[in-house]
1. What share of Cα pairs, in percent, lie more than 22 angstrom apart in segment 129-269?
2. Given PRO254, GLY227, ALA272, which one lies farthest toward the positive end of the charge dipole of segment 158-283, if we put +1 on the Cβ of every Lys and Arg and -1 on the Cβ of every Asp and Glu?
3. Can you tally the net charge around GLY96? Count Lys and Arg as +1, Asp and Glu as -1, for every other residue whose Cβ sits under 14 Å from the Cβ of GLY96.
4. Expressed as a whole number of Å, what is the distance separating the alpha-carbon centroids of segment 65-116 and segment 321-336?
5. Which percentage, to the nearest 5, of the DSSP beta bridges contained in the chain is antiparallel?
6. Relative to the Cα centre, what is the charge dipole magnitude of the chain, using +1 at the beta carbon of each Lys and Arg, -1 at the beta carbon of each Asp and Glu, and rounding to the nearest 20 debye?
7. Which of the peptides 10-18, 287-295, 81-89, 260-268 is most tightly packed, and how do the rest follow, judged by the mean count of other Cβ atoms within 10 Å per residue?
8. Ranked from highest to lowest mean number of other Cβ atoms within 10 Å per residue, what is the order of the peptides 30-36, 106-112?
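Just so it is clear, none of the values below were taken in a lab; they were calculated from the coordinates. Since we're looking at a predicted model, the values are computed, not measured. In this analysis, Cβ positions are derived from the backbone assuming ideal geometry, glycine residues included, and neighbour counts consider all displayed protein chains.
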Amino acid sequence: MSRALPPLALTLGEPAGIGPDLILQLYANRATTRLPVFALYGDATFLRARAERLGLDVAVEQVNSAADAQSVFSDAMPVIEVGASAADTPGFLDKGNALVVTASIEHAVAAVRDGHARAVVTLPIHKANLYDSGFKYPGHTEFLAALCRADGVSPRPVMMLAHKDKRAIPVTIHIPLKDVFSRLTTGRIVETVRIAHHDLIHKFGIASPRIGVTGLNPHAGEDGSMGDEEINIISPAINELAERYAIRVDGPLPADTAFAPHIWAGYDVVVAMYHDQALIPVKAIGFDAGVNITLGLPIVRTSPDHGTALSLAGTGQASPTSLYEAINLADKMTARDVK
């Protein structure tokens, strides 16, 4: 006999931003959106205040564990307290919020790793507001990797952006464009593609992934006349991936055509060399509906593909579509019959 799946674990995100607004909006419309059951790790008092500010008729109920979320979800949004409070000051950062933001992430990840929840969906954080509190990570993703550390070794996270079945991955991420040339290596490309290949199989259920790899220079270097990175770095990576690991990989593809719809459709993911090369195409086709997925972790993690949008917080004007897609994708990636 089947039993209910564990809930999803949602983090609070930056309280001064739009994250809390969006989840309250989605929960208020749960009957039409068919939201999967989740538990939100945060501050119930704060969420009640934000719901009232937004004029949303949302009951918020404190529960003791993720297991309790199922029984209350139809009537109230279940919240698990993390031992810290949030200030309801939409649009205005409060350094006192740092503890609740990080504690929310820590508790949500622990719930998934312990089997009490099945995936983490993170709401946007404001990194600059965390640094004074001792937050020492370049970003959200690196913090998650540290929380998933095993035997003293952190996993290597890989960022994937997706809109429906269109997926893109940058090999180098949050570094200046001038540094890409020194950071891009054959080994880094091989590692990124191998992680993508593994997770496309094991987290997306794609039996034999097709992976495209872009070049770095215009026209993929045009046989070395516009740069030799394709010859010296990218092509050797592609050859190693195909010959040593038997991965179905093509490239180097000219980046200005790799994301044309008829070419992109031929791949389960396109791996690009730097941040904007990968993210611009996804944002161009689905600005309000893109999803950020972190590959390479021992857990499933998704998030909306946008930031805190402080200027929209507390107004009710922000679109919840990207968060909705992130929740649905996390549900789809982990929905299986539990015996």
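1. The proportion of pairs with Cα distances above 22 Å equals 44 percent.
2. The listed residue farthest towards the positive side: ALA272.
3. -4
4. 18
5. Among the beta bridges of the chain, antiparallel pairing accounts for roughly 35 percent.
6. So the magnitude is around 640 debye.
7. So the peptides 10-18, 287-295, 81-89, 260-268, ranked by packing, come out 10-18, 287-295, 81-89, 260-268.
8. 106-112, 30-36
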